[in-house]
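Every number here is computed from the coordinates shown, using simple stated rules; none is lab data. The shown structure was predicted, so the numbers you read here are calculated from the model rather than taken from an experiment. Here the Cβ is made from the backbone with ideal geometry for all residues, glycine too, and neighbour counts use every protein chain on show.
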Amino acid sequence: MQLKNKTIAIKSILNQRLFNKKIPLSISWALTNRCNKKCFYCNLPNIPSKELTTKQIFSVIDELAELGTQRIGFTGGEPLLREDIDKIVDYSHSKGIFTGMVSNGSLVKKNIGKIKNLDLLQLSLDGPEEINDKQRYKGSYKYVIDSIKASKGKIPKIWLTCVLTKNNLNSIDFVLDLAKQYNLKVFFQPVVDYKNCGLQAKTLFPDKKEYKETVKKLITLKKKNKQIGNSKAGLKYLQNWPIHKKLNCYAGKLSAHIYPNGDVYSCFNMDGKKPVNCMDNGFKNTFNQLSFKDCEGCWTYANIEMNYLLNLNLSAGWNSLMLLGNRGRN
């Protein structure tokens, strides 16, 4: 993150903490529910949704830039299925907003020219080819490796997400070695059973004791392994799975999630609550209407790391600023 952007981010955090001022500092945005693959524990492709037009998306980005948004992370479904993804990425980038995208990797290589202005590409890798493809989709391992090779030197940051399940607790060394080979950060989190994950996710829950030992190992490795992206505080929080430890959350105050049709929630885990649509009366008014009630807790590494920063946890602060956006290399 550039010094100017860091200053804006810190000022926004202090304004929220001291004066309860809401600023959409970080936005996750599902551009589509459509996907060309079917991962075992994802149900999004089965949830139809209207999609905003390019013009509508530009208007929301304009407003976000005016409101002080520092980071937008485009997700899906598969964002690369949108024919206008290049225009969306370029427009967000042109506004000085750190622009990231989560992809399943299958379309990255053939579309690398369209996403040249991305600041961050996030891919998922859960272990060796056999394990990874078993809990994602056949061929996914090769697609991820091809995406990494195609993106190196073109996209400043490439991160991996590793979802810990009963199948891959013994594969973290493999994932870390691969991350080291390509000089990437890798973030770990447990498999979850949010609404959009489908019932299959529960069948992948790991043994609690084995899971805790695995995260304990990651905490130990964190001291010397530069590839582990989670902060030590974030890993300690994840070690409590499946029991949620209280952590003050700033979703709906400093961050929000936008659905393909323009519905806005405090975060993606609030799906099912009554949404507000930003096309009705603008994003600012929509954001100010958001409430954060009845949260069941969260195991998503990005939210956990961000909340540690917003809770002024200095030990996790650098990780969190990195999540807010740093246009330097990995």
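Side notes on the structure shown:
- Some residue of region 128-149 being among the acidic types (Asp, Glu) and either assigned to a loop (DSSP other than H, G, I, E, B) or touching a Leu at 6+ places or on another chain (Cβ under 7 Å) (or both): no
- Residues that are in a helix (DSSP H, G or I) and of a type outside the set (Gly, Ala, Ser) were ranked within region 105-127; the one that is farthest from residue 170 (Cα to Cα) is 114.
- The condition of being of a type in the set (Gly, Ala, Ser), farther than 15 Å from residue 259 by Cα and touching a strand residue (DSSP E or B) at 6+ places or on another chain (Cβ under 8 Å) holds for only one of 77, 100, 96, that being 100.
- Lone unmet requirement of (1) buried (at least 17 other Cβ atoms within 10 Å of the Cβ); (2) free of Cβ contacts under 8 Å to residues at least 60 places away in the same chain; (3) touching a helix residue (DSSP H, G or I) at 6+ places or on another chain (Cβ under 9 Å) for residue 186: (2)
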